[in-house]
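The values are calculated or read from the model by the stated rules, or taken from the named source; none is laboratory data. What you see is a predicted model, and the numbers here were worked out from it, not measured in a lab. All Cβ positions, glycine included, derive from the backbone under ideal geometry; neighbour counts span all protein chains shown. When the accessible area is computed, the model is the full protein with side chains, heavy atoms only, and any ligands, DNA or RNA have been set aside. Shrake-Rupley method; radii C 1.70, N 1.55, O 1.52, S 1.80 Å.
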Amino acid sequence: MNSLRSHHIFYTIKTFLNQKMLACCILQLWTTFVIAQSTTNRSPDNSAFVRWAQSHARPLQASENAINDNDLLPVKEMIGNARVVALGEPAHGYREPLAFRNRLFKFLVQRCGFTTIAIEGDLAQSGLAADYIAGGPGTARAAAAALSIGEPAAENIELLNWMRQYNADSAHSIKLRFYGMDIQMIGFPGDTTPNHTALDQVLTYLYQVDTLSARQANAELVPYIAQMSVVKYPLLSSKEQHSLAAMLENMLALLERQRIDFISRSSKEAYEWAHRNAIAALQRDRMMRVMPPDQPGTIPPEAWKAMNARDAATANNINWILNSAASGGKVLVFAHNAHVKNAPTTGGVWDAFAQPPTSAGQYLKSMLGSNYFIIGSSIAPDTNTLPVNSLDKALLQVNQPKYILDLRAAFSYPQVAYWLSLTRPMQANKVSFFMLPVGTAFDALLFLDKDDGR
């Protein structure tokens, strides 16, 4: 699942480097250069922050051995009335962040009025998981696999089974919801035969409520279906791209124009899901239209536009989930630190872009303000490669195995506030580093010393 492991690292790096990360040696050289510049210009002294963190860190139990949830009570204090809590992970596919995510979500449901989880997976393909937790057919493994590359993680299967059991309990009148929030990467990895889950779901719905319009839309789209992949889309002419965009816009317009009639022929829930999938198809098209041609062996400088389009769409989907689909409750978002942070993406390989991409967290902070609470995380950082002025190095020096810190409490301590205001490295994907002002990027920090990557 991406976090239910849906897209390994970052869409841009995967797509523009032939679905591979830069060779480790290039990454290391690039990272060393960036970090060296940062270290030269800023004091590596972490002592003020470390002393403060040692006295303010709230210890956590190991997720697999927790005997109760009392250690999470400080989290309830921290988030207050925030309607969206985002939990970041430093890399996809590791067990410990997934296990903590499950434990945190259960706590937020049982203690804080949360009803919904949104993960970094395709919105359209999350429908199978949504149906499963609502008591539908199939298995948790199959639902998790639809959102995964490779074998689904045990923690993802466990989460879906717990949500299904919760919803089956008649004592719970408000049912839990599960959503992907991301854009489907058509034809990835490689230029495989693309599937079009969002479009398929819209057309399936239209065949139920307006067969004539469905046939017409399907006939118009057939010539483009095989071209709607990350590799082939840039080969379409400008005229063809405009024609495809117009078709997608027309499908959305039809749904909106016929809303009342279509709901009367189906249900409000079925209509809303089809409508959102029509939007998702448009979101993907808008991202593809600003994607520069592939430049083998490098990242095109203009690729930041596609990253912006992806994260803007993600933020828009989360806002929809919160306001239209969360049963009036609150939402836990689980995604890479790169997406949830309230800071642009700079440093390491991302400095190849002509300008820093805007993160989904920045869009959400502008939409929701204090209703958006961000927990960044550092999981068992590699001590052999950590720069002395990195966030991860300082978190290690606190000398506690598992803890959470409310960074907002630090701003009444001038030295600590200054340390947090500086742009410093944070490990990402085990092989590179962001550069970010920690105190702006996150409201809280999670540190876990154990990393059972598979």
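If you take all C-alpha pairs in the stretch 332-430, what percent of them are over 20 Å apart? Tail fraction, whole percent: 45.
Over the chain, what is the mean sequence separation of C-alpha contacts under 8 Å (at least six apart), divided by residue count, expressed as relative contact order in percent?
Numbers: 814 pairs, mean separation 121.3, N = 454.
Over the chain, the number comes to 27 percent.
The charge dipole of the chain, taken about the Cα centre with unit charges on the Cβ atoms of Lys, Arg (+1) and Asp, Glu (-1), comes to about 500 debye, rounded to the nearest 20. A 1.4 Å probe run over the chain, with the rest of the protein chains in place, finds 39 Å² accessible per residue. Once C-alpha pairs closer than 8 Å and six or more residues apart are averaged by separation and normalised to the residue number of the stretch 96-164, the relative contact order reads 31 percent.
Between the residues M367, A306, Q355, the greatest Cα displacement towards the positive end of the dipole of the stretch 300-373, with unit charges on the Cβ of Lys, Arg, Asp and Glu, is found for M367. What the Cα atoms of the stretch 192-242 give is an Rg and a Dmax of 12.3, 34 Å.
The listed peptides 168-180, 363-375, ordered by packing as a protection proxy, come out as 363-375, 168-180 (highest mean of other Cβ atoms within 10 Å first). Scan the chain and note any complete DSSP helix (H) whose C-alpha atoms cover at least 30 Å along its axis and whose Kyte-Doolittle average is -1.0 or more. Span-like helices in the chain: none at all. Computed over Cα pairs, the Kirkwood radius of the stretch 239-282 leads via Stokes-Einstein (0.890 mPa s, 25 °C) to a diffusion coefficient of 226 µm² per second. For the stretch 96-155, the share of accessible area belonging to carbon and sulfur comes to 55 percent (1.4 Å probe, ligands and nucleic acids excluded). For the stretch 46-148, the spread of Cα coordinates along the three principal axes comes to 52, 28, 27 Å, biggest extent given first. Residue ranges 304-311, 385-392 sort as 304-311, 385-392 when ordered by packing (mean number of other C-beta atoms within 10 Å per residue, highest first).
Remind me, relative contact order of the stretch 275-362 in percent, using alpha carbon pairs under 8 angstrom and six or more residues apart?
Working: 92 pairs, mean separation 27.3, N = 88.
Reported as a whole number, the value is 31 percent.
Estimated translational diffusion coefficient (Stokes-Einstein, Kirkwood radius over Cα pairs, 4 °C, 1.567 mPa s) of the stretch 179-335: 78 µm² per second. Three principal axis extents of the stretch 289-351 based on alpha-carbon atoms, in descending order, are 46, 25, 15 Å.
Once the other residues with Cβ under 13 Å from the Cβ of L203 are scored (Lys, Arg +1; Asp, Glu -1), what is the net sum? Spell out each step's value before the answer.
Numbers: positive: R215; negative: D200, D210, E220.
After counting each charged neighbour, the total is -2.
Run the accessible area of the stretch 374-424 with a 1.4 Å probe and give the carbon-and-sulfur part as a rounded percent. Answer for the stretch 374-424 is 53 percent, counting heavy atoms of protein chains only.
Apolar share of the accessible surface for the stretch 200-242: 54 percent from carbon plus sulfur atoms, 1.4 Å probe.
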